[in-house]
1. If we scan the range 64-83, do we find a residue that is touching a residue at least 24 places away in the same chain (Cβ under 8 Å), surrounded by 15 or more Cβ atoms within 10 Å (Cβ to Cβ), under 29 Å from Leu120 (Cβ atoms) and among the β-branched types (Val, Ile, Thr)?
2. May I ask you to list the residues in the range 186-203 that are open to solvent by less than 10 Å² (accessible area, probe 1.4 Å) and part of a helix (DSSP H, G or I)?
3. It is to be established whether one or more residues within the range 156-177 are open to solvent by less than 40 Å² (accessible area, probe 1.4 Å), modelled with pLDDT under 90 and closer than 20 Å to Asn72 by Cα.
4. What tally of residues in the range 79-108 results from selecting those that are farther than 18 Å from Ser68 by Cα and of a type outside the set (A, V, I, L, M)?
5. Out of all the residues in the range 88-124, which are in contact (Cβ under 8 Å) with a residue 12 or more places away in the chain and open to solvent by 60 Å² or more (accessible area, probe 1.4 Å)?
Amino acid sequence: MSSESSDPPRPAHGGAGHRARLRQRLIEGGAEALADYEVLEYLLFGASARGDTKPLAKALLQRFGSLSAVLNADAGALKQVKGMGDAGVGALKIAALAARRMARSEVREKPVLGSWQALLDYLAIDMAHLTVERVRVLFLDTRNRLILDHHVGDGTIDEAAIHPREVIRRGLDIGASALILVHNHPSGHAEPSRADIQITHRIAEAGRLLGITVHDHVIVGREGHVSLRAKGLI
């Protein structure tokens, strides 16, 4: 037999073949090539060298309800799903972190008011699935570029949690000319409460006296967002 002859390569089969096919679909098919459970399945490949990750991916979706909810779940909750360990949690958390960093870079590189959808995408990725109410102030410069994304605190938005004069003083300290208030509703509904409207008016009034404009107050929920300016409340 000639020394140059050799057996043809064997096609991948079993688990390796499935992973190869999924990878090819991802590379060739783009953003919508994979179903949500397949995205999780793929992310978990690195945490399981040979095992079938499809059952775990489907169990995570059943437990948390959506891909974004899985990626935003805390480590302790993820580990309650049978089969999830530190390696799996790490694989999901790095994907969530990458998504946040990408969305944040879109916001930082352009004037906020001219790239409003990028801001909303960033806020939704970062806040929509929080289980606590979080208050943030986005301080802007004269070109409406983001100077500081300031985490004011967690808890109900009222004067016990956010002091109008302190917000404006922080803006003056960093040379801001405008700001956008942001908080989330863990209930999922983004409609503003009376307290949301009242604190917005107080901060806007304090800002007017010292030359800092309140452009908007955006409330984020799992079901969407509400802009107080768009509703005519500012």
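The values are calculated or read from the model by the stated rules, or taken from the named source; none is laboratory data. Everything numeric here is computed off the predicted structure, so don't read it as measured data. Please note: Cβ atoms are built from the backbone with ideal geometry, for glycine as well, and neighbour counts cover all protein chains shown. What goes into the accessible areas is simple: the full protein's heavy atoms, side chains included, and nothing from ligands, DNA or RNA. Shrake-Rupley method; radii C 1.70, N 1.55, O 1.52, S 1.80 Å.
1. Checked the range 64-83: at least one residue is touching a residue at least 24 places away in the same chain (Cβ under 8 Å), surrounded by 15 or more Cβ atoms within 10 Å (Cβ to Cβ), under 29 Å from Leu120 (Cβ atoms) and among the β-branched types (Val, Ile, Thr).
2. Result: Asp196, Ile199, Thr200, Ile203.
3. No, the range 156-177 has no match at all.
4. 7
5. Lys93, Arg100, Arg104, Glu106, Arg108, Lys110, Leu113, Gly114, Asp121
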